[in-house]
Each structure stands twice: as C-alpha cells, then as structure tokens.
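A short worksheet on the structure shown next.
No value in this document is a laboratory result; all are computed from the given coordinates. None of the values given here were measured: they were computed from a predicted structure. In this analysis, Cβ positions are derived from the backbone assuming ideal geometry, glycine residues included, and neighbour counts consider all displayed protein chains.
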Amino acid sequence: MFYIGVDIGTTSTKAILYDEFGKIKGKSAVLYPIYSPRPSMREQDPTEIFNAVLNTLKEVNLIAKSLNEKVEFISFSSMMHSLICVDKNGSPLTNCIIWADARSSDYAEKFKENGIGIEIYKRTGTPCHSMSPLYKIMWLRDNGNEIFNSTFKFISIKEYVLYKLFGDYVVDYSIASATGLFNIFDLKWDKEALNLCGIDESKLSMPQPTTYIVEGMSNEYREVLEFSEDIKVILGASDGCLANLGSNGIDFGTAVVSIGTSGAVRTVSDKPIIDDKGRTFSYILTDNMFVSGGAINNGGIAYRWFRDTFCSKETEMANELGIEAYDLINKLIENVKPGSEGLIFLPFLTGERAPYWNSNLRASYLGISDMHRREHFARATIEGICFAINDVFEVIEETNKDIKSVYVNGGFTKSKCWVQTLTDVMDKQIIISNNYESPTLGALMLGLLAIGKVNRLKELDFMLEDGEKYLPTSNKEKYTELFKIYQNAVTSMQNVFENLAHFQNKL
C-alpha cells in the first residue's frame, strides 16, 4: 500500500509517493509565480495552484499504478495565511492573497498599538501582522467593498482545493489557527475577531481536527486522477507544523530551523506557548501537540533576489555547465572571511514577521566601504538571513528554556558554508535533517495517525533520519559582535524604514 503527501507551497506544489516505511517511491512538482504589481501586493492564481495539485497527484498515482500498488490516502500540507474570496458558486472573486502581502499592514499596526490585537493574539496564537487573514479581511472591507459584500466564503488555498474536489467548505484546526480568527483554546471561531472584521462564522469554513478524513471525492476529479472510489483524503495541517514534524521536531525540547523560500524556527509543546509581547506564534498540529515559534519572510527568497539581481554571469555559466547558479555563488562566498569584512545585510525585502512583525521594514546593506566586492555582498546576504533566524531563536529561548537540540532543513543545507555560518551565529550544535521533503513526510505521518496505523506520532520516528552534525567554531565570537550591531541597526532604523515604505506604497 502506498500513500501520497501533498504540499501546496508558496512557489510550487509537490506530491510525494511514500510506502509504509516513509520511503519515497515517486514525486512530482509544478511551479507557479507570485504576482506583485506593486511593492505591497503578493498574490497567486488559485486556478494555477489547483491545476498544479491535479497534475502532481495524477503523476504520482500513475507511478503507483506502474508499481502495481494502490494509494490508500492523500494527506495535505499547505501554506498558511492565504485568503481567497469566493462567491456562492465557489468561484474566486480575488486572487489568492498570500502571507507576504502587506496591504493590511496599517491595520495590523493599529491593533498592535491599541492593545486589542495582542489580546486577540493571546487567544488565537496568530501575531499582529499583515500576513493574518484577520487584517486582510479588514482591508478588503474598507478598500474592496464590492468584493467584500459579494463574498460567500473567505477561505484559504487548501480550502479552495478541497471545495473543488469535494464540494464542501472545511478547514483543519492548523490552518484555522493561523488566521487570527480561531480560538486555539476552545477550538471555535473567535467572536471578537469576527466582529472586528465585520463577518460572522457563516462566512468561514467548518473547522475540523487535522486528522479528519474526507471521503466522497467528486467523480469528475476522481476519474481524472484515476483514484479508486474508496480513496481517503486526510485534512492535514499547515506546512510549518508538518515541516517541523517531518524534520525531527517530534520531541519536546527540540527546535527545528527551516530555510526555504522564507524561514522559521519552531518547537513543539503539549499546550500553546504564548509570548506576552506577541513576538511568536502558536499553531495547532494535533489535539495534544502545538507548534510554537516564529517565521521570517526573507530566507531563500532573499538569496534568489541576490542571484537574479547581481549574478547574471554565474547564471549563464551554470546554464552552460548544467548546474545551479547557487553552486557558483557559494564558491564566491567561501573565499570571503566570516563577517564579510564588516558588511551587514538586513534581509527585509518583503517586510518582516518574527520577531518584529513589521511589514514596513526594508532591506539594506550597512557598512559598505571601498574594500567590499560582489563576493562580500554575497556572503553578507546569507549572514543576514542567519542573523534574522537567530533573532527569532533568542525570543523562543526566552519562552521555552528546555531546547536541547536544533535540527535544520531546507535548500540552504546544500551549502556547508551556509550551515556552518548558521551554527556559529546561533552558537549551537546543529544536526541536518535528511528528510528534505519534510512537509509531505509530516503529512504522511499525520495521515498514518488518522487512519489508525499508529496511536502516537512518536511511533513513526523511525522515518526520521539524522544527517551531518555541525559544531560552533571560533567565528562565533565575531558573529556575536556583529549580531548585536544587526539588532541595534534594525531597532534604530525603524522610523527610516516606515517612511520609505510609505513613500514606496504611494507609488
């Protein structure tokens, strides 16, 4: 028997075919773009994403058939904080407004300052930030009144996919707990949050546990995908929670650092961990497991920006050699001393989430002198991303002092230099998780729990593989000094960034 884990991500949808031991038997991925007609807007086309889900599912199911195996279930992982307005027929009235969209930043700042937002955070676990659908809906109410009044349901991209496949509006507790509208203690839509954005719970989907099984896929899509009539679909959870589960973050006292398009630091606990200052999130994974931590906006997306903006030479050469441009850029970085000769990068290309939750922060290189060359800027870029991760980790250590080990995953682990840099910046032993497709592996594990194959997720830790271990070097002292300068720069320049952001938004 085989199983499929699907991850609806920010840049692509992946479907991974697994056997009962968590071994990959096939995979498929489809990329799609982010549309950004102005600096504050980040949207995607729901139809493009739904078609990506269909195409990847069909491809891996064909692989299963070729191996004479049946797929017992599909389990979903999905990006958080997305918002789509749909009409009575389920047709989108908007694009999928994703987590990086910053149009509602003024609303988030207003409720952060008046204290109401922090009180809502303490019940919902979602920090005051423009990523939150709570503030996105407020913005639509005031700036897209016709769309707001015509909306039948406010849903996420996963809910849209499930509605297309099954005809019902249902949302898992994990995705719901990342909306700012869901009380993570009583597992109900939060009445005050709904009142503040001017809707009632009839405008939202029915919340269900992450292990909830959906059956009865429409014949149209079941036949297109060539699944059997008894195919089960596990509602699943958010990509962050499942990536944590699939990256050895199964034990209390373990932290997982992920750097993909964005980045995050997460830990698990048996109850929500709420920060009095609202600097961290707390989302639901299962009925007795919560994932708390903080996400940064600018992980690999910042490195990709550097590649696309400054590395046309490496890109052309890589195309000729049939390798990744990053391989050549990483060689540039290795020739620069740690600390980049005092050049510091603030990586806030798309504002920032944890720990500042300020959509108006902007990126900057600081300390430029005539000694600095392109390779210094390359190294400073990855160091800046590491500083951003460490900024979150320090806050998490304040609220969870039991962290004993740190696992890492994501594309950045392909670079030994980058992993060592993070190790020195954090001054912690770091273990690479060899489970590269962690959100889909987490989805598989959750699915096996849902169908009763196991009674506890811990029984599946045999699927989790440790990789290489890294220890801090003497460079940690240099990075400790630079990190303090980094934090001081972020704090002291916030007014400058606010003014620049407002100027850019006027354009």
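Full extension of the chain segment joining T491 with K25 gains 162.9 nm, where the gain is 0.36 nm per residue of separation less the Cα-Cα distance.
I want to check the label-to-label distance for K331 and I451. Put each point 7 Å from Cα in the C-beta direction and report it in nm to one decimal. Going from the K331 label point to the I451 one covers 4.7 nm. Put a dot 7 Å past the Cα of E146, heading toward its Cβ, do the same for E477, and the two dots end up 6.6 nm apart.
Phi angles across segment 65-70 convert, under the Karplus curve 6.51 cos²θ - 1.76 cosθ + 1.60 with θ = phi - 60°, into 3J(HN,Hα) values of 5, 5, 9, 6, 10, 9 Hz, Gly and Pro given as x.
Sorting the segments 331-338, 72-79, 430-437, 122-129 by their mean number of nearby beta carbons within 10 angstrom, highest to lowest, gives 72-79, 122-129, 430-437, 331-338. Taken as Cα centroids, segment 218-255 and segment 107-164 sit 25 Å apart, rounded to the nearest whole angstrom. Averaging the Cα positions of each part gives two centres, and for segment 169-210 and segment 81-102 these lie 16 Å apart. Each residue of segment 450-467 is assigned a 3J(HN,Hα), and the resulting list reads 4, 8, x, 5, 9, 9, 9, 4, 4, 5, 9, 5, 5, 7, 8, 10, 7, x Hz, derived from the Karplus form 6.51 cos²θ - 1.76 cosθ + 1.60 (θ = phi - 60°), x at Gly and Pro.
In the chain, the alpha-carbon atoms span a convex hull of 142 Å³ per residue. Taking amide H as placed 1.01 Å from N in the peptide plane, K70 has its amide H under 5 Å from the amide H of F2, each at least 5 places away in sequence or on another chain. Take 101-107, 173-179, 287-293 and order them by the average number of nearby Cβ atoms within 10 Å per residue, most first; the result is 173-179, 101-107, 287-293. By DSSP, the beta bridges lying fully in the chain are antiparallel in about 65 percent of cases. Packing here is the average count of other Cβ atoms within 10 Å per residue, and on that basis the peptides 415-425, 466-476, highest first, run 415-425, 466-476. When R307, R222, R141 are arranged by Cβ crowding within 10 Å, least crowded first, meaning fewest neighbours, the order is R222, R141, R307. Pairs from the table (K203/K506; K313/K337; K191/K271; K313/K469) lying more than 25 angstrom apart at Cα are K203/K506; K313/K469. Label-to-label distance for Q429 and K506 is 5.5 nm, based on points extended 7 Å past Cα in the beta-carbon direction. So which lysines can K70 reach, going by Cα to Cα under 29 Å and dropping same-chain residues fewer than 8 places off? Result set, ordered by chain and number: K14, K23, K25, K27, K58, K158, K164, K232, K453, K458.
For segment 371-507, the dipole from Cβ point charges (+1 on Lys and Arg, -1 on Asp and Glu) about the Cα centre works out to 280 debye, to the nearest 20.
Across segment 296-312, computed HN-Hα scalar couplings (Karplus, 6.51 cos²θ - 1.76 cosθ + 1.60, θ = phi - 60°) run 10, 6, 10, x, x, 5, 6, 5, 5, 4, 4, 4, 5, 8, 10, 10, 5 Hz from first to last residue, x flagging Gly and Pro.
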